1. Could you list, in sequence order, the residues of region 431-448 that are open to solvent by 70 Å² or more (accessible area, probe 1.4 Å) and over 24 Å from the mean Cα position of the chain (by Cα)?
2. Cβ-Cβ below 7 Å, separation at least six or inter-chain, first residue in region 307-325 and within 18 Å of Leu28 (Cα to Cα) and outside any loop (DSSP other than H, G, I, E, B), second open to solvent by less than 10 Å² (accessible area, probe 1.4 Å) and β-branched (Val, Ile, Thr): which pairs?
3. Does Asn168 satisfy the condition of being in contact (Cβ under 8 Å) with a residue 60 or more places away in the chain, surrounded by 24 or more Cβ atoms within 10 Å (Cβ to Cβ), polar (S, T, N, Q) and more than 12 Å from Ala225 (Cβ to Cβ)?
4. Would region 112-131 turn up any residue that is buried (at least 24 other Cβ atoms within 10 Å of the Cβ), part of a helix (DSSP H, G or I) and not charged (D, E, K, R)?
5. When the residues of region 281-322 are narrowed to those that are farther than 13 Å from Ala270 by Cβ and touching a His at 6+ places or on another chain (Cβ under 7 Å), which ends up most open to solvent (accessible area, probe 1.4 Å)?
6. Count, please, the residues in region 185-236 that happen to be acidic (Asp, Glu) and either crowded, with 24+ Cβ neighbours inside 10 Å or without any contact (Cβ under 8 Å) to a residue 24 or more places away in the chain (or both).
7. Suppose we keep only residues that are small (Gly, Ala, Ser) and assigned to a helix (DSSP H, G or I) within region 401-423. Which one would you say is least open to solvent (accessible area, probe 1.4 Å)?
8. Identify, please: which residue in region 472-490 is in a strand (DSSP E or B) and in contact with a Leu (Cβ under 9 Å, 6 or more places away or on another chain) and is, among those, surrounded by the most Cβ atoms within 10 Å (Cβ to Cβ)?
Amino acid sequence: MREISHFIAGRAAAGTSGRYGEVFDPNLGEVQARVALASAVELDAVVQVALAAQPAWAAVNPQRRARVMFAFKRLVEARMDELAALLSSEHGKVIADSRGDIQRGLEVIEFACGIPHALKGEYTEGAGPGIDVYSMRQPLGVAAGITPFNFPAMIPMWMFGVAVAVGNTFILKPSEKDPSVPVRLAELFMEAGAEAGVDTAGVLNVVHGDKVCVDAILTHPGIAAVSFVGSSDIAQYVYATGAAHGKRVQAMGGAKNHGILLPDADLEAAANDILGAAFGSAGERCMALPVAVPVGTGTAEAFRELMVAKIETLKIGVSSDLAAQYGPVVSAAHRQRVTDYIQMGVDEGAELVVDGRGFSLQGHEQGFFIGPTLFDHVKPTMRSYQDEIFGPVLQMVRADTFEEALALPSQHAYGNGVAIFTRNGRAAREFASRVNVGMVGINVPIPVPVAYHSFGGWKRSAFGDANQHGMEGVRFYTKVKTVTARWPEGETSDQAFVIPTMK
């Protein structure tokens with residue numbers, strides 16, 4: 001059976017803990033590989049490699065580090081088909097979606113190519129008599145990223161792209177469910193260093209593991225910063241544990257994103273948008289849109305009719321089927337979790353309009369497939385509404401007024417993303433200003449910001465005060481040093497033993 005190793009100091013490294021995890025093919029429901037799971041001792045060895053490599057990497061001037069990022073971008077683009085097929089084979093998302101996963105990660109790499117400009121500090125000449133003040137951004141040392149199964153290319157690149165560009169070395173702990181693409185990215189980063197004439201051994205390391213490895217990362221004194229994306233409960237744990245051990249931590253959690261449909265919206269266009277946002281990637285996205293909020297009975301009835309008709313046209317298939325719109329979920333356990341939530345919705349009294357349970361794909365009956373599911377008359381008091389389901393399930397929560405619709409995402413425990421569909425610019429502007437959510441789309445169903453802005457939710461969707469990528473990422477992965485300089489002329493014996501002031 002194929003074995004997936006760690007990637008340390010520029011080369012593959014076999015695990016020594018004796019523990020392994022299973023990597024499935026979600027299309028067949030069969031184990032296709034096993035992945036080594038690191039011990040705390042193994043994690044410490046990786047940290048020592050990263051610590052040893054960091055001073056020399058930080059000493060490489062920003063322009064040359066940018067050349068490595070340019071080379072890495074070219075290499076990933078050249079292998080897009082290979083990477084997308086590999087990603088789909090372990091995650092289950094369709095090839096087009098896998099390509100999008102990789103492309104959105106590359107957009108942050110493109111931002112990192114401009115790191116010489118982003119690292120420029122500030123300078124004040126003549127802050128006092130003969131005194132100049134300037135600041136510089138310097139790397140933290142060793143940073144680590146703990147990434148989820150649903151975006152095995154994008155989220156690692158969101159993290160390590162900025163972290164290494166500013167001069168840190170990086171330890172990536174990807175999901176053990178689909179670990180092959182992160183290893184391949186690290187291999188390509190080594191190739192990029194060779195192409196740019198820079199030694200990148202030890203700069204980007206990949207170590208696989210479960211909670212044992214995560215806890216070792218969170219408590220290791222050699223790691224200065226940790227970035228995490230996953231469920232909210234684990235995000236809160238990661239933030240609290242990492243911060244308690246003196247680390248800088250950003251921990252992104254779950255979501256329950258809403259799509260508000262005002263009566264004047266283009267319902268045909270909105271229904272198409274919500275169809276893809278709710279069911280694309282089998283709903284396994286933290287920026288999926290699993291809640292539709294039509295305002296007014298007429299809007300609700302028209303939207304429901306449209307959505308039922310569109311759901312009937314959805315094609316579910318294996319991830320390599322180019323005609324498929326979504327594939328299986330990542331594991332049997334996750335499929336069971338989603339079906340349990342569907343039953344919960346029924347038990348709570350929501351109307352099950354389309355039931356995706358029991359879906360089976362001919363020839364792939366053991367695959368982890370779930371059909372699209374639609375609920376109507378969902379109430380905010382229902383747990384199935386309050387929790388993140390993370391599957392191909394769309395819930396309709398009807399609202400009578402704009403204010404009622406605004407309150408739903410604003411009062412929800414999660415605050416990752418929200419979208420409003422309307423032709424009314426004033427209503428959209430007011431909604432965007434008042435809604436208590438971190439990312440807002442106006443006629444945009446999945447409002448993930450472009451790479452030179454930043455990604456981050458509110459409330460239980462994010463812990464810590466720094467967002468992902470963009471200048472927020474630069475600030476997270478660097479520390480500011482401010483220098484006050486004076487070059488005295490003549491006699492200096494009249495210096496006073498008092499705090500300097502700018503008279």
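The values are calculated or read from the model by the stated rules, or taken from the named source; none is laboratory data. Owing to the predicted nature of the structure, the values given are computational and were not obtained by experimental measurement. Cβ placement follows ideal geometry from the backbone for every residue including glycine, while neighbour counts extend to all protein chains displayed. When the accessible area is computed, the model is the full protein with side chains, heavy atoms only, and any ligands, DNA or RNA have been set aside. Shrake-Rupley method; radii C 1.70, N 1.55, O 1.52, S 1.80 Å.
1. Within region 431-448, Ser433, Arg434 meet the criteria.
2. Between residues of region 307-325 that are within 18 Å of Leu28 (Cα to Cα) and outside any loop (DSSP other than H, G, I, E, B) and residues that are open to solvent by less than 10 Å² (accessible area, probe 1.4 Å) and β-branched (Val, Ile, Thr), there is no close pair.
3. no
4. yes
5. Across region 281-322, the extreme among qualifying residues is Val318.
6. As a first pass, look at region 185-236 and keep what is acidic (Asp, Glu): 187, 191, 195, 199, 210, 215, 233.
In the following step, the residues that additionally are either crowded, with 24+ Cβ neighbours inside 10 Å or without any contact (Cβ under 8 Å) to a residue 24 or more places away in the chain (or both) were identified as 233.
Within region 185-236, residues that are acidic (Asp, Glu) and either crowded, with 24+ Cβ neighbours inside 10 Å or without any contact (Cβ under 8 Å) to a residue 24 or more places away in the chain (or both) number 1.
7. Ala405
8. In this case the residue turns out to be Thr478.
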